[in-house]
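Participant: This is the structure, below, for whatever I ask next.
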Amino acid sequence: MKYDYCPTCGSKLIQKQAGDDGKVPYCESCEKYWFDSFTTCVIVLVYNEFNEIALLKQLYLSNKYNVFVAGYMQVGESAEDAAIREVKEELGIDVEKIEYADSVWFEKGQNLMLGFMAFAKKHDFKLSKEVDSASWVKYSEVPNTLFPDSPENAAWAIYRKYLKKLNNK
């Protein structure tokens, strides 16, 4: 979000030098800088002991491509906790191990996507209402139905990290 008016008092903001950050919206009445803000999301590649990856179908996103678990962080929540929560909410399974993979700026949604790889033992899914279907897919088959690779696609950045992890075993 870009600020033109002070969220506290409603005054029109001016541009004022803020150290090394350059000119930043500033409220002369409140004497406060208002740096641009954005939402932060998590995206999680969930894998199991058989080198299968959980792929979700969410028709509101696409009826053609699959996605990884993803969702918005909640206020006061760590990124790791958000990733674990989203896996539990969307797939109904518990994460046993989680590791940070990468971050990607998603311009279209003005979101910072924090990517993780999470291990969970293979179980049947208990899907949330926002997931139309999900399945465990052999890791080598994932590229066949994942959204096409692009600089903004956080899923591919995480998938490439997962492949490196497999090759280092």
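Participant: What distance in nm separates the simple spin-label points at SER140 and PHE50, each placed 7 Å from Cα in the Cβ direction?
Facilitator: 1.6
Participant: How large is Rg/Rh for segment 57-96, to two decimals, with Cα atoms and a Kirkwood Rh?
Facilitator: On the way: Rg = 11.6 Å, Rh = 11.2 Å.
My calculation puts Rg/Rh at 1.03.
Participant: Please state the charge dipole magnitude for segment 10-134, taken about the Cα centre, from unit charges on C-beta atoms (+1 on K and R, -1 on D and E), reported in debye and rounded to the nearest 20. Mind dumping the intermediate values first?
Facilitator: Working: 14 positive and 21 negative charges, 82 e Å.
Taking the Cα centre of segment 10-134 as origin, the dipole is about 400 debye.
Participant: If you don't mind, another one. Could you list log10 I(q)/I(0) for the chain at q = 0.08, 0.12, 0.16 Å⁻¹, which the Debye formula gives when each Cα is one point scatterer?
Facilitator: -0.32, -0.61, -0.89
Participant: A follow-up question, please. Given a Förster distance of 45 angstrom, what is the FRET efficiency for GLU89 paired with LYS2, based on the Cβ-Cβ distance and rounded to 0.05? Please report the intermediate quantities before stating the final value.
Facilitator: Working: r = 31 Å, r/R0 = 0.68.
Approximately 0.90, to the nearest 0.05.
Participant: Compute the distance in nm between two label points, each set 7 Å from the Cα along the Cα-to-Cβ direction, one at GLU130 and one at GLN110.
Facilitator: 1.9
Participant: Can I ask one more? Under a 5 Å amide H to amide H cut-off, with H placed in plane at 1.01 Å, what residues pair with GLY115 once short-range neighbours are removed?
Facilitator: ILE43, ALA101, ASP102, SER103, VAL104
Participant: Moving on to the next point. Place a point 7 Å from Cα of HIS123 in the direction of its Cβ. Which residues in segment 61-85 have their backbone N less than 20 Å from it?
Facilitator: Only 68-71, 80-85 fall inside the zone, counting backbone N under 20 Å.
Participant: Here's something else I'd like to know. Which values of log₁₀ I(q)/I(0), to two decimal places, follow from the Debye formula for segment 1-84 at q = 0.11, 0.12, 0.13, 0.25 Å⁻¹ with a uniform point scatterer at every Cα?
Facilitator: After summing over all Cα pairs, the log10 values are -0.56, -0.62, -0.67, -1.13.
Participant: Using a Förster distance of 22 Å, how high is the FRET efficiency between ASP149 and ASN63, based on the Cβ-Cβ distance and rounded to 0.05? Could the numbers behind the result be given before it?
Facilitator: Values: r = 20 Å, r/R0 = 0.89.
Computed FRET efficiency for ASP149 and ASN63 comes out at 0.65.
Participant: Of LYS2/LYS32; LYS57/LYS161; LYS57/LYS97; LYS88/LYS108; LYS16/LYS108; LYS88/LYS165, which pairs sit farther than 20 Å apart, going by alpha carbon to alpha carbon? Intermediate results must be reported in sequence, preceding the final value.
Facilitator: Details: LYS2/LYS32 15 Å; LYS57/LYS161 22 Å; LYS57/LYS97 24 Å; LYS88/LYS108 27 Å; LYS16/LYS108 28 Å; LYS88/LYS165 23 Å.
In this structure, LYS57/LYS161; LYS57/LYS97; LYS88/LYS108; LYS16/LYS108; LYS88/LYS165 lie more than 20 Å apart at Cα.
Participant: Further question on the same structure: Could you estimate the translational diffusion coefficient of segment 112-161 from the Stokes-Einstein equation, with Rh from the Kirkwood formula over C-alpha pairs, at 4 °C and 1.567 mPa s, in whole µm²/s? Write out the running numbers ahead of the final one.
Facilitator: Working: Rh = 13.0 Å.
Reported coefficient: 100 µm²/s.
Participant: Here's another thing I want to ask about it. For the chain, take the longest principal axis of its alpha carbons; what is the angle in degrees between that and the long axis of helix 79-91, to the nearest 10 within 0 to 90?
Facilitator: 50
Participant: Sort CYS6, CYS30 so the one with the fewest other Cβ atoms within 10 Å of its own Cβ comes first. Don't skip to the answer; put the middle values down first.
Facilitator: Working: CYS6 18, CYS30 14.
By the 10 Å Cβ count, ascending: CYS30, CYS6.
Participant: Between PHE106, PHE50, PHE116, where does the largest GNM mean-square fluctuation fall for the chain, given springs only between Cα atoms within less than 10 Å?
Facilitator: PHE50
Participant: Quick check: the angle from helix 154-167's long axis to the longest principal axis of the chain, C-alpha only, nearest 10 degrees?
Facilitator: Roughly 50 degrees between the two axes.
FYI, it's all coordinate maths here, none of it is from the lab. Nothing here was measured: the structure is a model prediction, and the numbers come from that model. Here Cβ is always computed from backbone atoms with ideal geometry, including for glycine, and neighbour counts include all displayed protein chains.
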